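Heads up: the structure comes next, in structure tokens.
Please treat every number below as a calculation from the coordinates, not as lab data. Just so it is clear, the structure is predicted and the values come from calculations on it, not from any experiment. Note that each Cβ is placed from the backbone with ideal geometry, even for glycine, and that neighbours are counted across all protein chains shown.
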Amino acid sequence: MRVIIIGAGEVGFHISQRLAVENKEVVVIDTSDEALRKIAETSDVQTIKGSGSSPKILEEAGVDKADIFLAVTDSDEINLLACSFANLLNPSVTKLARVRGEMYTDYKHLLTEQGAEITKIINPDEEVVNSVLRLMSVPGAVEINEFANGKIRLIGVNLPEDSHLIGSKLYNLREKIGDELGIVIAALVRDGELIIPSGLDVIEKGDLVYFVCDIRDQDEIMRQLGIFAEPVRKVMIIGGGNIGFRLAKALDNKYYHTRLLENRQKRCEYLSEHLDRPIVLMGDSTDQEILREENIQDMDMVIAVTGDEETNILSCLLAKSLGAKSTVTRVNNFGYMPLIEPIGIDYVVCPRQSAINTLLHFIRRGKIISSVSIKGEAAEALEAVAQEDSPIVGKEVKDLKFPRGCLVLCFQRGDDVVIPRGETVVEPNDRLIIISTRQNIPKVEKVLTTKVEFF
Amino acid sequence: MRWKYVLHIIGALVACIGLTMAFPLGWGLYYGDGTAYPIGLSMGITVIVGGLAFAFFRDPEASKKSSVMTHREGMAIVALGWFAAGVFGGLPFYLGGTFESVVDCVFESLSGFSTTGSSVLVDIESVPRGLLFWRSLTHWLGGMGIIVLSLAILPFLGVGGMQLYKAEVPGPSPDKLKPRIKDTAMTLWKVYLLFSAVETVLLMFGGMDLFDSLCHTFGTMATGGFSTRNTSVASFDSAYIDYVITVFMVIAGVNFSLHYLLLKGRFKVLIKDPEFRVFATMIAIFIAIITVFVYAEGNYDTVSDSIRYTSFQVASILTTTGFATADYEMWPGVTQAILLFCMFVGGCAGSTGGGMKVMRIMLLFKQSYQELFRLIHPRAVSHVKMGKTVVKDDVLSGVWGFFILWLGLLVLAAFVVASTGVDVVTSFAAALACIGNIGPGIGGVGPTDNFAWLPDIAKWVLTFCMVLGRLEIYTVIILFVPEFWRK
């Protein structure tokens, strides 16, 4: 499988690294020697120096033999142009483009249908906004991912110290929580290590617990776990850039009391013109005076999404120290990820991570519908359809040759969410939610693919 | 300022007005009530004077396509054109012997053109029908605007059209419905014509004859208020006619651009329009409150009567029409206070209604709230908005300027009227009724009284106020600013 990646920035870098680990043929195109060298040093990929929008370079990269074409430079125009050329040179290639400008994303259909026939437009800003909104929708959760068109959720929570689940073995969970509620523990994070648990594992104090459930049971399960968080209503957004603006717009309704802090006068004018209810404030997010003036201590959530991650982290810490209930910070640099939790910031959103998540789902072989990385990149949760000719159909779950460190979490069968036991038989068209550590992803993919390719 | 050019255009306007006298002339001939001669003579004088001015002041330099009408010239043409219309429009009354004094003729004529509806006629029914028709027709012409009419029909006005249009249809933010100003004017007149035709037919179903239907339609659609009866619409004593007129008064009080969009099938635009929503809400709330009070007070025996008379009066005053089916001076004090507030507000911007306009009142309130908001959030960056559109600062300061001038001139006019010996309530009410283009006020100029008894000086001042109100202050008052005349 040949993958061409235009742009060796943060997204290009990480995605090429991931794919190289999975033994895919990866070609990276960029104009910067520096960026290419960095990639070539860390992973086994081919690099070509040149503009991604040049047909000559694309031919050189072998676009005619490529299966997937990713355009992830920082320029929307180059990405779109590169996809258009790729489409002309090889119409069958799957084309993915990162596009952020609203002037383009508002007309997605023009880009995906006619013209460039881009398979998927990825807008990291939009993904970030969606993930923040998801966080707000489940107060108390640390991370939320959706499957089966939003019917099933993978939720990460920090259990409170007095939760009655602490100390219990996972196979006892049903008795403790009650039989009606469908819940499967997908992973535990203990001391920074991710564990894909078996029935014998015990939940310990301080564990970060990931579980999968039907969205309809979500609220009841949160109560059972002992998490009673107030719904988020009062929000302060720091940074009125693309993401801040989109977020404020999404919260522009009667339910939320939103404040949007931005330090550029011109931008403030623009924001105030285009927003109805949110209060646009001009000032610096590290200015205690303005934070106090706007009752930072009463905020349910402070969301720092400026383009500068250091500012984001510092403003969140300041807000927290002044009494804000929870904080979300936007980080671009993966290097900061391990820092976030220890220093006391509650949530992280990362546009690049979001972009990578979306890209991954198109790259996965077999009929994998979506996949997300959890806990940084330690594991991936996949959603796959068991097609009629798939080798897994008709087998009992315990007979599936999944590797260790890989768990079938649940099925979606019609409208129902089925929590599998060892004897449950996979039926055609079941949607499976599977969690796996990163190293095992290729093996999982193999199990899921059709018979012809099966060993 | 090119005086020749200004007079040239005014000449054309006057000639146009003269031509419209053909309609009352027709009625005069039809009824044979002796008005054909005075109206025909007035028509002749007006057309000839206008035509001569048009021909005599023809300035070959200015008529060239390349010469553009300036903002100042536009204002001068509109303001002076309106006064000229008033004088020539008063000719039929003078020649027809309706009034003896010049001031009464001009007052009645400009009260018509400015859609005020204040009258100095004591016995309306004794006036021959040809003249009554002219009286009501002035409403209809002035309602949508004599300049807008000229723009629609006179091709040579196209060049400076926008200047003229802005001067006559000021509003906080003029809409241009079509790329060309001539087409915009034409469109507005077509909408106006359509509603007028519908109302006329509906009134005829209610038992009015064609003459009465037309005259009352003119009074309604222009939010004027001249009736053909001494007791106004009350003399027909029909709930059906009351409600038809109520509905069309409200229609006339709404921005005609919205009507145009509505007729093109864009119903949502109307519902979502912030000004319309406030206007509609105000009507509903005021009707509800006043109905409760007049019913509780026992002014009317049944609830349905209370609603009928209340809704007519509220619509009539709020849209500044000025028709009457009841004497609201007999109602409880609080209801009069509400109606007084309505007199200040008036119709929507871009409607034929007068007053300060709902849009301006909204902007004033919004901006005041903005000041409070800034006290609470000193660092907030915020804008005054109408719906989703940001209102620019220069528009806001324009509205504040308008508000101050409007109130200031109102007080000044009331002061002059009072100094002629009129009592203070009446002076104030008369000035308000004229500057707001309403018609009846309270006190000595209430719905059952008229303006005939006022001293001449008071009438001149009030006549001037009517034009001030109709052209929304700036266009007229600018003529009195020395800076305007400097070269």
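Distances between placed amide hydrogens fall under 5 Å for A:ALA71 paired with A:ILE6, A:LEU96, A:ALA97, A:ARG98, all partners being 5 or more residues away or on another chain. Count Lys and Arg as plus one, Asp and Glu as minus one, and take only other residues whose Cβ is under 13 Å from that of B:MET282; the net charge is then +1.
3J(HN,Hα) couplings calculated from phi for region A:55-64 with the Karplus curve 6.51 cos²θ - 1.76 cosθ + 1.60 (θ = phi - 60°) are, in sequence order, x, 4, 4, 5, 5, 4, 6, x, 5, 5 Hz; Gly and Pro show x.
Averaging over all projection directions, find the projected area of the Cα convex hull of chain A and quote it in nm² with one decimal place. For the Cα atoms of chain A, the hull's average projected area reads 22.2 nm². Taking Lys and Arg as +1 and Asp and Glu as -1, the other residues whose beta-carbon sits under 13 Å from that of A:VAL27 total -3. Normalising the average separation of contacting C-alpha pairs (under 8 angstrom, six or more residues apart) by the number of residues puts the relative contact order of chain A at 10 percent.
The relative contact order of chain B comes to 17 percent, based on Cα pairs under 8 Å that sit 6 or more residues apart. The label-point distance for A:ARG421 and A:LYS169, in a model that sets each label 7 Å from Cα toward Cβ, rounds to 1.6 nm. Towards the positive end of the charge dipole of the protein assembly as shown, with charges on Cβ (+1 Lys, Arg; -1 Asp, Glu), say which of A:GLY150, B:VAL102, A:ILE243 has the farthest Cα. The residue sitting farthest along the positive end of the dipole is B:VAL102. From helices alone, chain B scores -21000 deg cm²/dmol at 222 nm; the rule is -39500 (n - 2.57) for each run of n ≥ 4 DSSP H residues, then divide by the residue total. For region A:104-160, chymotrypsin sites (Phe, Trp or Tyr not before Pro) are listed when DSSP marks them as loop and at most 12 other Cβ atoms sit within 10 Å of their Cβ; the list is A:TYR107.
Across region B:436-443, rounded Karplus estimates of 3J(HN,Hα) from the backbone phi angles (6.51 cos²θ - 1.76 cosθ + 1.60, θ = phi - 60°) give x, 6, 8, x, x, x, 10, x Hz, Gly and Pro being marked x. In terms of its C-alpha gyration tensor, chain B has a rounded overall shape, because the principal axis ratio a/c (a ≥ b ≥ c, square roots of the eigenvalues) stays below 1.5.
For the peptides A:63-69, B:112-118, B:280-286, B:146-152, the ranking by mean Cβ contacts within 10 Å, running from highest to lowest, is B:112-118, B:146-152, A:63-69, B:280-286. Among bridges DSSP assigns within the protein assembly as shown, what percent are antiparallel (round to 5)? In the protein assembly as shown, approximately 55 percent of DSSP beta bridges are antiparallel ones. Considering only Cα atoms, the convex hull volume of region A:112-230 works out to 132 Å³ per residue. Straightening the chain between B:SER101 and B:SER304 buys 68.6 nm, computed as 0.36 nm per residue apart minus the Cα-Cα spacing.
Kirkwood radius and radius of gyration were both taken over the C-alpha atoms of region B:250-401, and their ratio Rg/Rh is 1.04.
Considering all C-alpha pairs of the protein assembly as shown, those separated by over 46 Å amount to 49%. Extending 7 Å from Cα along the Cβ direction at A:GLU77 and again at B:ILE289 yields two label points whose distance is 5.8 nm. Taking the Cα atoms of region A:2-122, the ratio Rg/Rh between the radius of gyration and the Kirkwood radius comes to 0.95. Judged by a Cβ-Cβ distance under 4.7 Å, the unpaired cysteines of chain B are B:CYS16, B:CYS105, B:CYS215, B:CYS342, B:CYS348. Just to confirm the filter: which GluC sites (Glu not before Pro) across region A:238-301 are DSSP coil and have at most 15 other Cβ within 10 angstrom of their Cβ? Passing both the DSSP loop test and the Cβ count: no residue. Rounded to whole numbers, the Karplus 3J(HN,Hα) couplings from phi for region B:42-49 are 4, 4, x, 4, 4, 5, 5, 4 Hz, using 6.51 cos²θ - 1.76 cosθ + 1.60 with θ = phi - 60°, and x at Gly and Pro.
Legend: mean number of C-beta atoms from other chains within 10 angstrom of residue C-beta atoms, peptide A:278-289, equals 2. Among the GluC sites (Glu not before Pro) in region A:79-163, those located in a DSSP loop and surrounded by at most 10 other Cβ atoms within 10 Å of their own Cβ are A:GLU113, A:GLU161. Peptide A:290-296 shows a mean partner chain C-beta count of 2 within 10 Å per residue C-beta. Taking each of A:LYS266/B:LYS388; A:LYS120/B:LYS388; B:LYS268/B:LYS385; A:LYS395/A:LYS443; B:LYS357/B:LYS487; A:LYS254/B:LYS264 in turn, the alpha-carbon distance tops 23 angstrom for A:LYS120/B:LYS388; B:LYS357/B:LYS487; A:LYS254/B:LYS264. The residues packed around A:PHE228, meaning those with a beta-carbon under 15 Å from its beta-carbon, carry a net charge of -4 if Lys and Arg are +1 and Asp and Glu are -1.
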